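Trainee: The following block contains the structure, expressed as structure tokens.
The values are calculated or read from the model by the stated rules, or taken from the named source; none is laboratory data. What you are looking at is a predicted structure, and each value in this text was computed from that prediction instead of being measured. In this analysis, Cβ positions are derived from the backbone assuming ideal geometry, glycine residues included, and neighbour counts consider all displayed protein chains.
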Amino acid sequence: MKGPDFLAEQVGVLRTRMGAAFVGSKAVFRGHDLHADLQGMDWVELYVFGITGRRYTPEQVRMLHAIWTHTSYPDARIWNNRVAALAGTARSTGNLGIAAALAVSEASIYGRGIDIRAIDFLIRTQQHVDGGGDLAEMAAQELQARRSLAGYGRPIAAGDERIEPTLVLARSLGLADGPHVRLALAIEETLLAGRWRLRLNYGGLSAALAADLGFSPREYYLFVFPAFLAGMVPCYLEAEQRPEGSLFPLACSHIRYEGTPKRSWKTRA
Amino acid sequence: MTADAIRTRIWREEPESGNPFAARAAYCRGYDVYGEMLGRARWVEMLILLFREETPTKAEADLLEALAVALANPGPRDPAVHAAMAGGVGGSTAASCLMAALAVGAGQYAGGREVYLAMEAWNACGTDLDAWRRRFAAPTSEEVSIWPAPQHPPGFDPHGVSTPTPVKQALAGLAFVSPGPRLPWLEQQRAELEAATGLPLALSGVAAAAFADLGFSPEQGEMLHLLLRLPGAAAHALEQRGYGHKKFPFFAVELEGAGA
């Protein structure tokens, strides 16, 4: 069935395997009673269960927590955080500013656009290597095709201070030796030995850890959605607490005009 | 000039004496906005001037204005307007209603991304029917991205059986005022293109051709499509706020699988 007949079948009803609210009695979450079967569940565990339908061990959930906490930077200069902070200085609401900042985090040079490419690259490369393919060849192909390698290098800095504490925690939890983490580090060695001089960045390591937990690219993309959230709220809050309009004020001289010189609208051709 | 300057080819400001943070005059692409344009320029002329260097011809301004009327309200059945109404009915903020309309109206099904992809197709195929047929027959890219994998040729209605009258009317009306060449060609070749896809043309496909005739890039077309569909979303959101949630459909639910 297709076309209008198919649509007519869908009218007026939500058919779902994911869940529903039976207001006044219960809420079903992926087939489970939220207040009985899932009672006491950690929030990140529930979030991940909502995405994957899978349950994770306390060690794995702790690792997933760290992927978020290690990249929550309350620095209002960072582009996405700046949106939250500007909402504060412009006296907009916290929800609007932070929701917009999260939406902006779906960027092409950082955040979600890179995250999904990073895990996809690692999963494909692992499959390539498992099938007898060459790791360096795969990395070179990717660099040639994309002119960048998601998960390696960083737009505004050379090193990545998040790598070491994340690896230390992963080791302590017994999660640092999965195939994708080993692969990610091996790719870094290859890149540093070659002419590319690219280091593994936090996005690459997080993607590797998630791939080792069985996340697909789309599952991982949805998991990292709130990754910067905890750092955004302080940015909003401080800007909202200081005098209105006082965050990053720009004078007319801050506009460096590089366009067409003055001309007349009235006498235009 | 400060090191923290914002570079722009669009906007120039001169400060009021005594306050560098207040503009005495603002210029868009060199034209004095408040001193000369205001009261003389059409809204669509300003809109086009923001996106490109030169002022539009009368035909271009007429085309964008006609397109803006066609896109202004997708109507309450449209998912983006539905989203805005879902905001309005619960008393959500004005901005969140528009953000909801933008988020939903950004997609590949009747949204901004569909226009972007359709404009990429115009750039690749132009007015070459065989090039369009080859593009429709080619497998879609499997490259992973934040966007879900496309499920239908952009600019066509995956659930349609024939071209809706408003789509034909919009195409005819816009082709009539268009400087061309895409809209008039699309009107002539519509049946051939629909036969090649097996799907009827959608309004997003007409919009993509119009934006391409106006010389916009796919990125600009995507932005303008998002922008021009907001008026209806805003009006319907406010209207539902007035009606209240008891008069807004909540729909039935059927649990499938383990939770049933």
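Trainee: Among the residues of the range A:179-209, which ones are of a type in the set (Gly, Ala, Ser) and touching a His at 6+ places or on another chain (Cβ under 8 Å)?
Mentor: Within the range A:179-209, A:Ala207, A:Ala208 qualify.
Trainee: Any chance the range A:192-200 includes a residue that's within 23 Å of A:Gly159 (Cα to Cα) and in contact with a Ser or Thr (Cβ under 7 Å, 6 or more places away or on another chain)?
Mentor: No, the range A:192-200 contains no residue that is within 23 Å of A:Gly159 (Cα to Cα) and in contact with a Ser or Thr (Cβ under 7 Å, 6 or more places away or on another chain).
Trainee: Given the options B:Gly155, B:Gly232, name the one that is on the phi > 0 side of the Ramachandran plot and touching a residue at least 40 places away in the same chain (Cβ under 8 Å).
Mentor: On inspection, the qualifying residue turns out to be B:Gly155.
Trainee: Select from the range A:191-248 the residues that are aliphatic (A, V, I, L, M) and farther than 27 Å from B:Ile146 by Cα and write down the one among them that is nearest to the chain's Cα centre (by Cα).
Mentor: Out of the qualifying residues, it is A:Leu237.
Trainee: Moving on. Is it the case that some residue within the range B:199-214 is charged (D, E, K, R), out of contact with any Phe, Trp or Tyr (no Cβ under 6 Å at 6 or more places or on another chain) and more than 14 Å from every other protein chain (Cβ to nearest Cβ)?
Mentor: yes
Trainee: Report whether or not A:Ala208 is over 16 Å from A:Tyr56 (Cα atoms), in the same structural domain as A:Arg124 (by TED's automatic domain parsing) and in a helix (DSSP H, G or I).
Mentor: The answer is yes for A:Ala208.
Trainee: Looking for whichever is away from every other protein chain (no Cβ under 11 Å), outside any helix (DSSP H, G or I) and of a type outside the set (Phe, Trp, Tyr) here; the options are A:Glu219, A:Glu240, A:Glu244. Which one fits?
Mentor: A:Glu244
Trainee: Can we say B:Arg133 is in contact (Cβ under 8 Å) with a residue 40 or more places away in the chain and assigned by TED's automatic domain parsing to the domain that holds B:Ala149?
Mentor: Here the answer is yes, as B:Arg133 does meet what is asked.
Trainee: Within the range B:144-158, can one find any residue that is surrounded by 15 or more Cβ atoms within 10 Å (Cβ to Cβ), assigned to a helix (DSSP H, G or I) and more than 14 Å from every other protein chain (Cβ to nearest Cβ)?
Mentor: Scanning the range B:144-158 turns up no residue that is surrounded by 15 or more Cβ atoms within 10 Å (Cβ to Cβ), assigned to a helix (DSSP H, G or I) and more than 14 Å from every other protein chain (Cβ to nearest Cβ).
Trainee: State the number of residues belonging to the range B:231-260 that are within 27 Å of the chain's Cα centre (by Cα) and aliphatic (A, V, I, L, M).
Mentor: 5
Trainee: Under the condition of being modelled with pLDDT of 95 or more and touching a Lys or Arg at 6+ places or on another chain (Cβ under 7 Å), which residue from the range B:112-147 is nearest to B:Phe211 (Cα to Cα)?
Mentor: The residue in question is B:Trp122.
Trainee: Related question: Residues A:Glu161, A:Glu189: which one is part of a helix (DSSP H, G or I), modelled with pLDDT under 95 and not hydroxyl-bearing (Ser, Thr, Tyr)?
Mentor: A:Glu189
Trainee: Which of the residues that make up the range A:45-77 are of a type outside the set (S, T, N, Q) and free of Cβ contacts under 8 Å to residues at least 40 places away in the same chain?
Mentor: Within the range A:45-77, A:Glu45, A:Leu46, A:Phe49, A:Gly50, A:Gly53, A:Arg55, A:Pro58, A:Val61, A:His65, A:Arg77 meet the criteria.
Trainee: Is it true that B:Arg113 is over 29 Å from A:Arg256 (Cβ atoms), of a type in the set (D, E, K, R) and surrounded by 14 or more Cβ atoms within 10 Å (Cβ to Cβ)?
Mentor: The answer is yes for B:Arg113.
Trainee: Could you please give the count of residues in the range B:32-91 that are assigned by TED's automatic domain parsing to the domain that holds B:Glu219 and in contact with a strand residue (DSSP E or B) (Cβ under 6 Å, 6 or more places away or on another chain)?
Mentor: Number of matching residues: 0.
Trainee: Report, by residue number, each residue of the range A:32-47 that is under 27 Å from the mean Cα position of the chain (by Cα) and over 19 Å from A:Arg62 (Cα atoms).
Mentor: Passing the criteria: only A:Leu34.
Trainee: Can you tell me which residue is nearest to the other protein chains (Cβ to nearest Cβ) among those in the range A:15-36 that are assigned to a loop (DSSP other than H, G, I, E, B) and loosely packed, with under 13 Cβ neighbours inside 10 Å?
Mentor: Ranking the qualifying residues of the range A:15-36, first place goes to A:Val23.
Trainee: A further question on this structure: Please determine whether any residue of the range B:223-237 is assigned to a loop (DSSP other than H, G, I, E, B), away from every other protein chain (no Cβ under 14 Å) and crowded, with 22+ Cβ neighbours inside 10 Å.
Mentor: yes
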